[in-house]
Amino acid sequence: DPPERPNGHNTTNANANANSTIIESFQLWATTGESCPQGTIPVRRTTEEDILRASSIRRFGRKLKNSIRRTRRDSSSSDHEHAVGYVLGQQFFGAKASLNVWTPRVANLYEFSLSQIWVISGSFGNDLNTIEAGWQVSPELYGDSHPRFFTYWTTDAYQATGCYNLLCSGFVQTNNRIAIGAAISPISTYRGRQFDISILVWKDPKRGHWWLEFGPGLLVGYWPSFIFSQLRNHANMVQFGGEIVNTRPSGFHTATQMGSGHFAGEGFGKASYFRNLQVVDWDNNLLPTSNIRLTADHSNCYDIRGGNNNAWGNYFYYGGPGRNVRCP
């Protein structure tokens, strides 16, 4: 059954904005007009080379346990660094945002750079449940440096459950035009045209499943409610923003970039952004975020700055170059 979309959600005007230099981005493989027959879905092939690149077979297609930004300042021992906006203190039934797509430089095979939405429930112990979607550059996972549309989920704080994309059972894809894990095209350029994607995750009030929408109203599929424990009912936190892995190559901070590789202060056309930040409430209404908090683990390496206006609603710029004179 198709889900009941949130009230206030306009798919025909999904990319309406006051700035004509922003255009909706899509997927490279689909630019030829190719799609899959009705009743089938496109699945990115996992090759022998993909498996051999992984740090271990057990970890293939999985994130590490510390790949989420906790609200307290305990990130100093973590090799994952974040610049995020987050809301908490209420019950959330979904989240939506538009974010521009870049090709950040990733310094080595075992690091990645991503920008995503997190829908979170549970404590930050072993009961943590998350649903995640966005774009990422991950040489280990994909064997190249293209930004790719991805999904993720876990029910035990990234320990044994969940995975990227369709690398394990869990997410049920229903769309024959979207390939999860496929390269996004076109992408934003510094001082040039900006291309963004719109992502909506929400809980269908009819069936209770968590649905994913990509771009101009395209339903990608859903996470069945029964695979979750804490997220079976609702989320208690939503995060938007960027994450990188810092393996400290040669003992220095990594030069892996977040977002565009430029700091938030450079603004439009230069820095990465999230715009039109929204959440879904208990009555399936899509509402602007309120009381959003912004935080960066190491602001000399990657930072974040927020704002609000009529065209973009709640928004923020974020990202950075990683290693620099102030981030040794």
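The residues of the stretch 282-328 that are touching a strand residue (DSSP E or B) at 6+ places or on another chain (Cβ under 7 Å), open to solvent by 30 Å² or more (accessible area, probe 1.4 Å) and over 21 Å from Asn100 (Cβ atoms), listed by number, are Trp282, Asn285, Leu287, Asn291, Arg293, His298, Asn300.
A quick yes/no check of all residues on (1) in contact with a strand residue (DSSP E or B) (Cβ under 6 Å, 6 or more places away or on another chain); (2) closer than 27 Å to Asn233 by Cβ:
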| residue | (1), (2) |
| --- | --- |
| Val84 | yes, yes |
| Gln91 | no, yes |
| Ala95 | yes, yes |
| Ala183 | yes, no |
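Would you mind stating whether Tyr158 is open to solvent by less than 40 Å² (accessible area, probe 1.4 Å), among the hydroxyl-bearing types (Ser, Thr, Tyr) and at pLDDT below 95? Explain how you work it out, then say what you get.
Working: open to solvent by less than 40 Å² (accessible area, probe 1.4 Å): yes; among the hydroxyl-bearing types (Ser, Thr, Tyr): yes; at pLDDT below 95: yes.
Yes.
Name the single residue, out of those in the stretch 129-140 being buried (at least 23 other Cβ atoms within 10 Å of the Cβ) and not hydroxyl-bearing (Ser, Thr, Tyr), that is farthest from Val245 (Cα to Cα). For the stretch 129-140, the residue satisfying everything is Asn129.
Would it be correct to say that Leu166 is under 17 Å from the mean Cα position of the chain (by Cα), of a type outside the set (Gly, Ala, Ser), more than 23 Å from Thr295 (Cβ to Cβ) and surrounded by fewer than 21 Cβ atoms within 10 Å (Cβ to Cβ)? Even if it seems obvious, please write down each step before you answer.
Values: under 17 Å from the mean Cα position of the chain (by Cα): yes; of a type outside the set (Gly, Ala, Ser): yes; more than 23 Å from Thr295 (Cβ to Cβ): yes; surrounded by fewer than 21 Cβ atoms within 10 Å (Cβ to Cβ): no.
Spelling it out, it is not the case that Leu166 is under 17 Å from the mean Cα position of the chain (by Cα), of a type outside the set (Gly, Ala, Ser), more than 23 Å from Thr295 (Cβ to Cβ) and surrounded by fewer than 21 Cβ atoms within 10 Å (Cβ to Cβ).
Screening Val220 on (1) part of a strand (DSSP E or B); (2) open to solvent by 40 Å² or more (accessible area, probe 1.4 Å); (3) over 19 Å from Gly319 (Cα atoms) shows it passes everything except condition (2). Within the stretch 198-217, the residues that satisfy the criterion of being assigned to a loop (DSSP other than H, G, I, E, B) and either open to solvent by 10 Å² or more (accessible area, probe 1.4 Å) or modelled with pLDDT of 95 or more (or both) are Asp204, Pro205, Lys206, Arg207, Gly208, His209, Pro216, Gly217.
For His234, the criteria (1) buried (at least 17 other Cβ atoms within 10 Å of the Cβ); (2) modelled with pLDDT under 95 hold in every case but one, which is (2). Among the numbered conditions (1) of a type outside the set (S, T, N, Q); (2) open to solvent by less than 20 Å² (accessible area, probe 1.4 Å); (3) at pLDDT 95 or above; (4) assigned to a loop (DSSP other than H, G, I, E, B), the only one that Val87 does not meet is (4).
Matching residues to (1) of a type outside the set (Phe, Trp, Tyr); (2) in contact with a helix residue (DSSP H, G or I) (Cβ under 7 Å, 6 or more places away or on another chain); (3) outside any loop (DSSP other than H, G, I, E, B):
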{"residue": "Glu140", "(1), (2), (3)": "yes, yes, yes"}
{"residue": "Ala157", "(1), (2), (3)": "yes, no, no"}
{"residue": "Leu167", "(1), (2), (3)": "yes, no, no"}
{"residue": "Arg177", "(1), (2), (3)": "yes, yes, no"}
{"residue": "Ser188", "(1), (2), (3)": "yes, no, no"}
{"residue": "Asp196", "(1), (2), (3)": "yes, no, yes"}
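His80 meets the conditions (1) surrounded by 11 or more Cβ atoms within 10 Å (Cβ to Cβ); (2) out of contact with any Leu (no Cβ under 9 Å at 6 or more places or on another chain); (3) at pLDDT 70 or above in every case but one. The failed one is (2). Restricting the first member to the stretch 226-250 and to residues that are outside any loop (DSSP other than H, G, I, E, B), and the second to residues that are among the aromatic types (Phe, Trp, Tyr) and at pLDDT 95 or above, the beta-carbon pairs closer than 6 Å and six or more apart or on different chains are Ala235/Phe92; Val238/Phe92; Gln239/Tyr86; Gln239/Trp118; Phe240/Phe274; Gly241/Tyr318; Gly242/Tyr318; Val245/Phe112.
Condition check for Ile244 on (1) of a type in the set (A, V, I, L, M); (2) farther than 30 Å from His9 by Cα; (3) at pLDDT below 95: one failure, at (3). Number of residues in the stretch 251-294 that are under 25 Å from Pro104 (Cβ atoms), among the charged types (D, E, K, R) and assigned to a loop (DSSP other than H, G, I, E, B) equals 1. When Met258 is tested against (1) of a type in the set (A, V, I, L, M); (2) more than 20 Å from the chain's Cα centre (by Cα); (3) crowded, with 23+ Cβ neighbours inside 10 Å, exactly one condition is not met: (2).
Residue count for the stretch 135-155, restricted to those that are at positive phi and at pLDDT 95 or above: 0.
The values are calculated or read from the model by the stated rules, or taken from the named source; none is laboratory data. Please read all numbers here as calculations on a predicted model, not as lab measurements. Don't worry about glycine lacking a Cβ; one is built from the backbone with ideal geometry, like all the others, and counts go over all protein chains shown. Ligands, DNA and RNA are excluded from the accessible area calculation, which covers all protein heavy atoms including side chains. Shrake-Rupley method; radii C 1.70, N 1.55, O 1.52, S 1.80 Å.
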